[in-house]
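Below is one structure, written out as structure tokens, with a few remarks after it.
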Amino acid sequence: MSEALRFEILGPQRAWYADRPLDLGAGKQRSVLAVLLLSAGRPVPIGQIIEAVWPGESPANGPNVVQKYVAGLRRVLEPERSPRTPGQVLTLTDAGYLLRIRPEAVDAVRFERGVHLARQQHSAGRTAEAKAELTAALAMWQGEPFTGFAGPFFEAARHRLVELRAVALETRVELTLESGRHRELIGELVELVAEFPVRERLRHQLMLALYRSGRQAEALAAYREFADLLREEHGIEPGEALQELHGRMLRSDPTLTPDASYSGPPVLAAVGPDSVVTGSGSPVAARPLPGRAAPPSASAPAVAQADSGWPAATVPPGHPSSAFQPSVGLPRQEARRWIRTTATITGTAATLLSFGALTWAVVLAYALWRRSWRLALAGIGYLLLFASMFVIAINDASVDEDASLGVEGVYCLTAIALCWLVGAVHVVLLNPDLWSFLTRRHGAGQQRAVEQRMRREQARSLLMHFPLARYELRIGRPDLPRTFDDGGLVDVNGVPDLVLAALPGLTDGQRQRIVIERWTRGPYTSLEDLVARCPLPPAAADCLREILLFLPSSAPPVPPS
């Protein structure tokens, strides 16, 4: 057994004898060595080598070809062996070829053992040792294994190693999250999500890291991006664990953040005449405090609350609140949506302008894009339908023009209608954005209503425990620039008259009465006070109960014009 040989397969395949790199030869010879390395210390049958290296196209003299490559490997792996001396590293046994090396000589074996040891250390509570072991194991990776090696054998081996690496990465991230270092993980997690886009555990960890870093909006945006990806590409919803995490974030569940790193909801403390600081200690750009005029600005950016039902605007680049806007993965999502829209327009135009002659080509192109055998069958069906219609039309060309339409004519007209009009509708419906809208419109509306209600509950709870948050997060003020989603709440004592004039479920006269009563008799103390001063039907009162806040007025309202 050679102690001087070392091999790497976690990336480009390489080998060393002592400290000298070895030339492993041509592609097939490297493939034979890769098969032997995956079973280092165990004999590999010649038939298994042939099946792995030449899948589906075994050479006529397979054993002789394998023997030729084995001889070449012996010359490389044992450079000091004389030609007539039996090989000591690569030998032939009754069970097959045996590569006599230490298992630790292969980086993949060391990697697997390192991951197993880290799992044991983690179970024993030695978190720091487990993380160090995982970091050392993951550092062995230099790229994708078995690049250039085709066939199910190498595909399965590659998938197993990549899956083990992904699990190791997830475990290391989990250990880092447990230590409270969530902020430094966000960049790494964004890269890992791009590399493994459908691994829910990584998405779960990214959302948690963003949330624990005070970036709740981005955490929710990361969930929406992943949910859209699963629906559009695979037609499924996120798993139960991820949906539960999403709901807990909407409710601001305090158990999501460990005590060691949890700074709580934003608690304001004045640090200057025009600035505040959040509970995490991070200063926030100057904003007008209660009773203080807003500082002059060259351009006053207007931001409306997302999904609140009030007029929306955008945050200009560089505005202090732009740092809190959802940003994770949104450009990529918009690019995919633009590509899908362009494909739909192009495909529909090709179908209509060709009178259905190109419908089969468009559907087959979609089948290749999505790798869908159902679409491939539909494309073949369109092709056969158009081809049969074309053949019938050619054979029937000699029929007298005054003759009746006949069965052939009806068939041709039906085929044209199917390929042209039905095909165009089919191409339009292949756009997942439109399909999702048509099939899930009602369900999406219900889900959005539930999310809005949960956000309103979250905002009310936040006000109960941290009353000053109303000024920093501008809860109940859809007329002011803000980034916190309060679910569409309205502070009836703080908003200007224009917002009250848009309250839902009321007549113009009722809205005007609310404005006048607020100005003449002062702020409202509760919904009952509002109903007593401005008689409203029970249905309208129930509707307002969901969205109205009755906060103490910090400044006298502006008289109605």
### Query
What is the spread of the Cα atoms of the stretch 1-145 along each of their three principal axes, largest first, in whole Å?
55, 37, 28
### Query
Translational D (Stokes-Einstein, µm²/s) of the stretch 74-198 at 20 °C and 1.002 mPa s when Rh comes from the Kirkwood sum over C-alpha pairs?
123 µm²/s
### Task
Quote the Stokes-Einstein diffusion coefficient, in whole µm² s⁻¹, for the stretch 443-551, based on the Kirkwood radius over alpha carbon pairs, a temperature of 37 °C and a viscosity of 0.692 mPa s.
226 µm²/s
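In Å², and per residue, what accessible area does the stretch 116-155 have when probed at 1.4 Å with the other protein chains present?
Details: 2310 Å² over 40 residues.
Computed with neighbouring chains in place, this is 58 Å² per residue.
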### Task
Could you pull out the GluC sites (Glu not before Pro) across the stretch 29-129 that fall in loop regions by DSSP (anything but H, G, I, E, B) with no more than 15 other Cβ atoms inside 10 Å?
57, 80
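Using a 1.4 Å probe over the heavy atoms of the protein chains, calculate the carbon and sulfur portion of the accessible area of the stretch 94-192 as a whole percent. All intermediate terms of the calculation are to be shown ahead of the outcome.
Values: 2580 of 4820 Å².
Percent of accessible area from carbon and sulfur atoms in the stretch 94-192: 54.
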### Task
Sketch the reach of a paramagnetic label on residue 93 as a point 7 Å from Cα along Cα-to-Cβ, and name the residues of the stretch 1-44 whose backbone nitrogen lies under 19 Å away.
1-3, 33-44
### Task
With only Lys, Arg, Asp and Glu charged, each at its Cβ (+1 for the first two, -1 for the last two), find how big the charge dipole of the stretch 466-515 is about the Cα centre; round to the nearest 20 debye.
80 debye
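Compute the FRET efficiency between residue 117 and residue 23 as 1/(1 + (r/R0)^6), taking r as their Cβ-Cβ distance and R0 = 41 Å, and round to the nearest 0.05.
Details: r = 34 Å, r/R0 = 0.82.
Efficiency, rounded to the nearest 0.05: 0.75.
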### Task
Note the full-extension length gain between residue 369 and residue 341 as 0.36 nm times their separation in residues minus their Cα-Cα distance, in nm to one decimal.
8.7 nm
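Apply 1/(1 + (r/R0)^6) to the Cβ-Cβ distance of residue 156 and residue 520, taking R0 = 56 Å, and write down the FRET efficiency to the nearest 0.05.
0.10
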### Message
If I stretch the segment between residue 533 and residue 243 completely, what's the gain in nm (0.36 nm per residue apart, minus their alpha carbon distance), one decimal?
### Response
100.1 nm
### Task
Express the carbon and sulfur contribution to the solvent-accessible surface of the stretch 456-561 as a percent, rounded to the nearest whole number, probe 1.4 angstrom.
62 percent
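Taking K and R as +1 and D and E as -1, what net charge do the other residues with C-beta under 13 Å from the C-beta of residue 505 add up to? Before the final figure, lay out the partial values.
Working: positive: 511, 545; negative: 508, 542, 546.
Here the charged neighbours net out to -1.
The values are calculated or read from the model by the stated rules, or taken from the named source; none is laboratory data. Everything quoted here is computed from the prediction, not taken from an experiment. Here the Cβ is made from the backbone with ideal geometry for all residues, glycine too, and neighbour counts use every protein chain on show. To get the accessible areas, we keep the full protein, side chains included, count just its heavy atoms, and leave off ligands, DNA and RNA. Shrake-Rupley method; radii C 1.70, N 1.55, O 1.52, S 1.80 Å.
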